[in-house]
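Please read the structure below before turning to the comments.
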Protein chains: 4
Amino acid sequence: MLRFLTAGESHGQALVGILDGIPKGVPLCQKDFSDLMKKRWDGYRRSPRKNIENDSVEILSGVRFGKTLGSPIGLLIKNLDYQNHIDSMNKWELSPDYKPLTTPLPGHADYAGGKKFNTDDFRDIRERASARETAMRNALSVPARKLLFELGVRSAAFVRKIGSISSNISENYSISEVSAALEQEDASAFLTPDLSVVPSWKNLVDSAAEKGQTLGGMVEVCFGNLPPGIGSHTQSDLRIDSRLAAIVLSIPGVKAVEFGEGILQSQLEGASAHDSFYCEDGEISRKSNMAGGIEGGMTNGMPLVIRAFMKPLPSTCGLSTVDIKTMKTVAVKPERTDVMALPALAITLESVISIEIASALIENFSGNTLEKIKDLVS
Amino acid sequence: MLRFLTAGESHGQALVGILDGIPKGVPLCQKDFSDLMKKRWDGYRRSPRKNIENDSVEILSGVRFGKTLGSPIGLLIKNLDYQNHIDSMNKWELSPDYKPLTTPLPGHADYAGGKKFNTDDFRDIRERASARETAMRNALSVPARKLLFELGVRSAAFVRKIGSISSNISENYSISEVSAALEQEDASAFLTPDLSVVPSWKNLVDSAAEKGQTLGGMVEVCFGNLPPGIGSHTQSDLRIDSRLAAIVLSIPGVKAVEFGEGILQSQLEGASAHDSFYCEDGEISRKSNMAGGIEGGMTNGMPLVIRAFMKPLPSTCGLSTVDIKTMKTVAVKPERTDVMALPALAITLESVISIEIASALIENFSGNTLEKIKDLVS
Amino acid sequence: MLRFLTAGESHGQALVGILDGIPKGVPLCQKDFSDLMKKRWDGYRRSPRKNIENDSVEILSGVRFGKTLGSPIGLLIKNLDYQNHIDSMNKWELSPDYKPLTTPLPGHADYAGGKKFNTDDFRDIRERASARETAMRNALSVPARKLLFELGVRSAAFVRKIGSISSNISENYSISEVSAALEQEDASAFLTPDLSVVPSWKNLVDSAAEKGQTLGGMVEVCFGNLPPGIGSHTQSDLRIDSRLAAIVLSIPGVKAVEFGEGILQSQLEGASAHDSFYCEDGEISRKSNMAGGIEGGMTNGMPLVIRAFMKPLPSTCGLSTVDIKTMKTVAVKPERTDVMALPALAITLESVISIEIASALIENFSGNTLEKIKDLVS
Amino acid sequence: MLRFLTAGESHGQALVGILDGIPKGVPLCQKDFSDLMKKRWDGYRRSPRKNIENDSVEILSGVRFGKTLGSPIGLLIKNLDYQNHIDSMNKWELSPDYKPLTTPLPGHADYAGGKKFNTDDFRDIRERASARETAMRNALSVPARKLLFELGVRSAAFVRKIGSISSNISENYSISEVSAALEQEDASAFLTPDLSVVPSWKNLVDSAAEKGQTLGGMVEVCFGNLPPGIGSHTQSDLRIDSRLAAIVLSIPGVKAVEFGEGILQSQLEGASAHDSFYCEDGEISRKSNMAGGIEGGMTNGMPLVIRAFMKPLPSTCGLSTVDIKTMKTVAVKPERTDVMALPALAITLESVISIEIASALIENFSGNTLEKIKDLVS
């Protein structure tokens, strides 16, 4: 079993994370981390913060001579901009000039968290609720991604839809083709294998930016070459779709998740909704993957396909809030932030799902059957 | 924290479940259980099994003088039809006449489970993977439902869509109105407050039944009067949307989940996608609930709205499979089962979500702040 | 990972338990359960309840054709004496004749539980706090014991000391010798391989019984042929001694636990306290086992030795309590119960430790190293 | 619920830890950390490492304006000596001069861990298995200790025995008296309130040091003013003694734990072994505390008394091992390390128990009864 904890506020001194349970012997290098962290900042019209933070990951423990030790892996990402926020994020002293944040942002954790923690300064909440925490979860995913890679698992993550404009991606795409397409020069700003949609998306995002608006959309992550039987039908919390749904919905901004063609399936008759088996050349095979690689709470050997729907970022024009100091309704003043964060969402989903799948996969080979465990012990 | 385990095969001797952590003093009676279990069997064109099983729940422990004891609650549902399945489900002896099940059903756990547990008899898998397990989770939800009721929480569960035909339910409906509508005479067969859609749904289901087809659809569950701040933004696995997504996807057949208007939100610009705050009569209020009652991984005081998309039941005509004994492609022969199970899904979702919300709500009042915990200890 | 829950009050309708995670294919028969449950009632001067309860275990799920299915195992033990307690343990109605129990028993959960659950009727607490719950944990251990047996693990459990009188057991005993000695005719009443101590123990127990007194003592459990490396040094809660200490202290009445010669070790200088390695015939070996088979939070390949110290049963003469109805100090009136329960404790410890070791052993073979997990996946 | 993870090797770059679940509003300052970390290095004849490491704790997150935020607390302790170990602990490169450690130390994790992780270089194991990890658990305890302090809980930790020489501490001591005595000038080297034992202990330790020997012993931790009812009798893993035993045995070197007078209790008759209740001035009271403050798996309102038995440190003269490269038996060459670490053990136990008690106490006030939870919600 893999487990992790993260800590750190958005404008605090650092993010820190610990990942426990990675097997001994997984090869790792510093570049594995920097490559991933760079990808997370790619994306059209990202916040100006990308010019400040390089998100360099310091590996504090769990790695020796280029391989994991089997011990917990401790990671640190310093916030380069911390000193500029020292008045609002001072650990010990309250500056006399400090102004509490008294206008809860709709769509953010402010209001609910203020009630929970009985505070009138929403910065107490917003700092930890920020999606910046996912920078550390991305970093923590690196050993899990490398483990899956060593086992032959391959994955791809891309943006399917921004606002109401869909990209055009062939059904039954192969992961290697999509991965190659994502390497194209203009693909990274929108993380799409479909370059034909880029101009419309650019227009859409520019137009939203002009209006001070933000955008949401839908991303897809696909994992290939997974062995069947990861997860279990035997107890409800062991189902891999249950575990993955929890992981997907743990990313700030995600409001819905779909496995395979789940929404379409719900509208079809049974015969069209399921993936028949055929015998070809003495092997069991399938011609479709409506199920997205999961049946009965387990991987079924077909590619695992997961889609996440993200609402627009909340820091947008056109909303009202209430200043709880004055109890007056006021307009939301958006911070200079991203217009949309779909590419980062896709990368982050691939990261957190990699951790969860690596975890389930390790557990899965812990001796499901007496025969297997006898082999293992001897 | 509430936790539970269930056990039992679909055609085995009994289902059994244990729920741990219910506070002392929650009033309970036998009728609470029978009323809920009856609702689960309502629904148009259910399987003939409904004529055999009455799903009478035996309370074995944790209740004394009509109230919960604070001890774990043990429940038993005997399978009335067990003796008719004694050859295939014998605990100790293998009958010489027994025929293993060698054709994996597409859309079910058979194939993946067979790989996991290294078996050629898919009955080893199918018996536990069956949605019959949810009968016990419904039963276990009763003390959680009663606890929520005592705290003033109210909920409603209904079918929104069968196949591609939607019901018509007013935006910003009230839970009490929907609940009243669901009590109408013709509402229970389809568990909808919109009687106008019933004739079309009846046609749709009849037509599917004639063709040996099954149907899926979409259901909605809504909880009102929940205090804000249930769940937490502070660590990813504490987010209430993450926890609820796991619960929803743990129900067999569910392939997607949406919180509030999550899918619609993903297509809108920020200004239309979020729920602004207003000050009215000195109170903070809102005019919309796009977020479905969750922001920042916490309840926000608005009604909690959750939607689940279910694929058609897999026991349907028109699919092919492979007999792994002969390695020949053969047609799936459907069992006489339900045509659709949407009403049961809606009830079950309300049940499992009740358990999870009761759990999160109890944890929530464990002293989030030093002030509160000082009060509690003194 | 194995996990379990139990439910049931001491004089309630039934005990029920669920064990989740046992691999598929472990052979089981009804006699495995009845043999163990009978052993638990053996023992000199046990309570008269042993004449009423046969503790017959009903297997409700998880077993098919004489082998485990990989699904959760549900077990039921009906209380044969329930009808005689229907007034005090009625699930639904409070009888007008019922007298609450208002005198908390020193040494039992009554007082602390009454405070926790805010009750003046200590039967609300005592019923679940009773050691009768361990009957179910014994039953749940059967599949774990069988799994360990199939893997070649052997164990023995015996009483080392009653009150202040020790038995005489040779250092470095072998598990098979002790097991054989425990099969002797007069061994079962006191579960000791040392028949020479039996007359003194009989006198001690008879004398205590005459005075209305109870006795405690010390028991030992030993597991041989365990592979090294079960548990882990990498995170504090993964240490096998930490896990086992929790299990041992979860048995009512146990107040101390010792691994190997831990208490003696604490009084020696380093050179005498540790188990040196030697090379003999090209193999690493050891001549002592002061560590009791655990180093660094892992099994080290030597026999695992665990000792538990039990206080005397609390239902004894010579204690005073306070009737919280009258707030008067009164003498404790002991129930007709066991004089000592050391043999049952030894069996129970062997049971609960079997579950925990089987759990840790299964997890242990989940791919600690990349090499191993590559083998497993391929 | 509080949870934590730690990471870091003994001679690696840093120790890192995350504590999740501390309520909002607990006052904290840097000195709280430095005072505790200093205490841990006090103690007679500690290893020379105490001259290198100052164990300065960097608070990375979870604290704002001198109070906890309710967010996870991330802590960092840099290893000041890391550069001197860069050859053996290099994260990325294997130096050509590096010599693997091929002689497993008896009494340490080397051998068992080498088997588990399939390595011939025992430094892979020893680095994480070192008790240095407990420096971070001490640091993580600070917010928990402050929380308990704010709630009025008081504790004391001291050494009871070194080798076979006991200190003389009055029965029914008060925590405040012991705490005062521990502040005396000569008390800190041995962390004892009994200065009369200091000369004998000094002789014992000096004499062991001359012989290259190490020593173990026994320590005691006591917590006063805890509310009754922390923990629960309702499920075995909720018992506070079970939870605390796990915590105590998670400290490297501890081989036994005793609650109250548990070992003595096991040798007495019932009447002398339990703590009778009396009514005095209309209040229930007790004259003894044999139970050490725990009955039925819950705190009972009396002081909580826990004792841990530690084996001598393993780096001692007089042991043999096997060089697995040559398969020759060789003498253990001890490192220059502590002669005994009892004072550090006492402080560490107080730390880890503070975390666990704070966790159980927070959970405890999560609404055990419907009445209470109704109050909390309203």
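The values are calculated or read from the model by the stated rules, or taken from the named source; none is laboratory data. Computed from a predicted structure; not experimentally measured. For neighbour counting, all protein chains shown are included, and Cβ atoms are generated from backbone atoms with ideal geometry for every residue, glycine included.
On the basis of being more than 7 Å from chain A (Cβ to nearest Cβ) and touching a helix residue (DSSP H, G or I) at 6+ places or on another chain (Cβ under 6 Å), does B:S354 make the cut? It is true that B:S354 is more than 7 Å from chain A (Cβ to nearest Cβ) and touching a helix residue (DSSP H, G or I) at 6+ places or on another chain (Cβ under 6 Å).
A count restricted to segment A:210-228 and to residues that are more than 7 Å from chain B (Cβ to nearest Cβ) and either in contact with a strand residue (DSSP E or B) (Cβ under 9 Å, 6 or more places away or on another chain) or among the hydroxyl-bearing types (S, T, Y) (or both) stands at 10. Scanning segment B:165-222 for residues that are small (G, A, S) and in contact (Cβ under 8 Å) with a residue 60 or more places away in the chain, we see that the one that is farthest from B:T348 (Cα to Cα) is B:G212.
Within segment C:101-119, identify whether any single residue is among the aliphatic types (A, V, I, L, M), under 18 Å from the mean Cα position of the chain (by Cα), within 30 Å of D:Q265 (Cβ to Cβ) and surrounded by 24 or more Cβ atoms within 10 Å (Cβ to Cβ), and answer yes or no. Show your work before the answer.
Step one: list which residues in segment C:101-119 are among the aliphatic types (A, V, I, L, M), which gives C:101, C:105, C:109, C:112.
Still in the list and also under 18 Å from the mean Cα position of the chain (by Cα): none.
No, segment C:101-119 contains no residue that is among the aliphatic types (A, V, I, L, M), under 18 Å from the mean Cα position of the chain (by Cα), within 30 Å of D:Q265 (Cβ to Cβ) and surrounded by 24 or more Cβ atoms within 10 Å (Cβ to Cβ).
Which residues, taken from segment A:183-199, are out of contact with any helix residue (DSSP H, G or I) (no Cβ under 6 Å at 6 or more places or on another chain) and either within 14 Å of chain B (Cβ to nearest Cβ) or buried (at least 16 other Cβ atoms within 10 Å of the Cβ) (or both)? Those that are out of contact with any helix residue (DSSP H, G or I) (no Cβ under 6 Å at 6 or more places or on another chain) and either within 14 Å of chain B (Cβ to nearest Cβ) or buried (at least 16 other Cβ atoms within 10 Å of the Cβ) (or both): A:A187, A:S188, A:A189, A:T192, A:D194, A:V197, A:V198. Evaluation of B:I306 against the conditions (1) without any contact (Cβ under 8 Å) to a residue 60 or more places away in the chain; (2) in contact with an Asp or Glu (Cβ under 8 Å, 6 or more places away or on another chain); (3) more than 9 Å from chain A (Cβ to nearest Cβ) shows that the sole unmet condition is (1).
Please work out if D:F259 is over 19 Å from C:G296 (Cα atoms), aromatic (F, W, Y) and in contact with a Gly (Cβ under 9 Å, 6 or more places away or on another chain). Spell out the reasoning first.
On the way: over 19 Å from C:G296 (Cα atoms): yes; aromatic (F, W, Y): yes; in contact with a Gly (Cβ under 9 Å, 6 or more places away or on another chain): yes.
Answer is yes for this residue.
Could we say that A:K372 is of a type in the set (D, E, K, R), facing chain B (nearest Cβ under 8 Å) and within 30 Å of C:V153 (Cα to Cα) here? Criteria met by A:K372.
Restricting to segment B:140-164, what's the tally of residues that are of a type in the set (S, T, Y) and free of Cβ contacts under 8 Å to residues at least 60 places away in the same chain? Walk me through how you get there before you give the answer.
Going through segment B:140-164, the residues of a type in the set (S, T, Y) turn out to be B:141, B:155, B:164.
Then drop every residue that is not free of Cβ contacts under 8 Å to residues at least 60 places away in the same chain, which leaves B:164.
Looking only at that region, the number is 1.
Evaluate the following for B:L101: is it out of contact with any Phe, Trp or Tyr (no Cβ under 6 Å at 6 or more places or on another chain), farther than 30 Å from C:S95 by Cβ and among the aliphatic types (A, V, I, L, M)? No, not satisfied. Screening A:I263 against (1) within 30 Å of A:A131 (Cα to Cα); (2) in contact (Cβ under 8 Å) with a residue 12 or more places away in the chain; (3) not polar (S, T, N, Q) leaves a single unmet condition, (2). Across segment A:68-83, the number of residues qualifying as over 21 Å from C:G297 (Cα atoms) and free of Cβ contacts under 8 Å to residues at least 12 places away in the same chain comes to 1. A:S320 fulfils the conditions (1) more than 30 Å from A:S266 (Cβ to Cβ); (2) within 27 Å of the chain's Cα centre (by Cα); (3) surrounded by fewer than 24 Cβ atoms within 10 Å (Cβ to Cβ) except for a single criterion, (2).
In segment B:248-264, the qualifying residues are those that are under 21 Å from B:G224 (Cβ atoms) and buried (at least 24 other Cβ atoms within 10 Å of the Cβ), and the one that is farthest from the chain's Cα centre (by Cα) is B:G262.
Residues checked against (1) within 7 Å of chain B (Cβ to nearest Cβ); (2) out of contact with any Pro (no Cβ under 6 Å at 6 or more places or on another chain); (3) modelled with pLDDT under 95:
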| site | (1), (2), (3) |
| --- | --- |
| A:M298 | yes, yes, no |
| A:M310 | yes, yes, no |
| A:S315 | no, no, yes |
| A:D323 | no, yes, no |
| A:A331 | no, yes, no |
| A:T337 | no, yes, yes |
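None of C:V339, C:V332, C:V305 is surrounded by 16 or more Cβ atoms within 10 Å (Cβ to Cβ) and over 30 Å from C:E127 (Cα atoms) except C:V305. When B:P23 is tested against the conditions (1) touching a residue at least 60 places away in the same chain (Cβ under 8 Å); (2) closer than 23 Å to C:L76 by Cα; (3) within 11 Å of chain C (Cβ to nearest Cβ); (4) out of contact with any Asp or Glu (no Cβ under 8 Å at 6 or more places or on another chain), the lone failure is (2).
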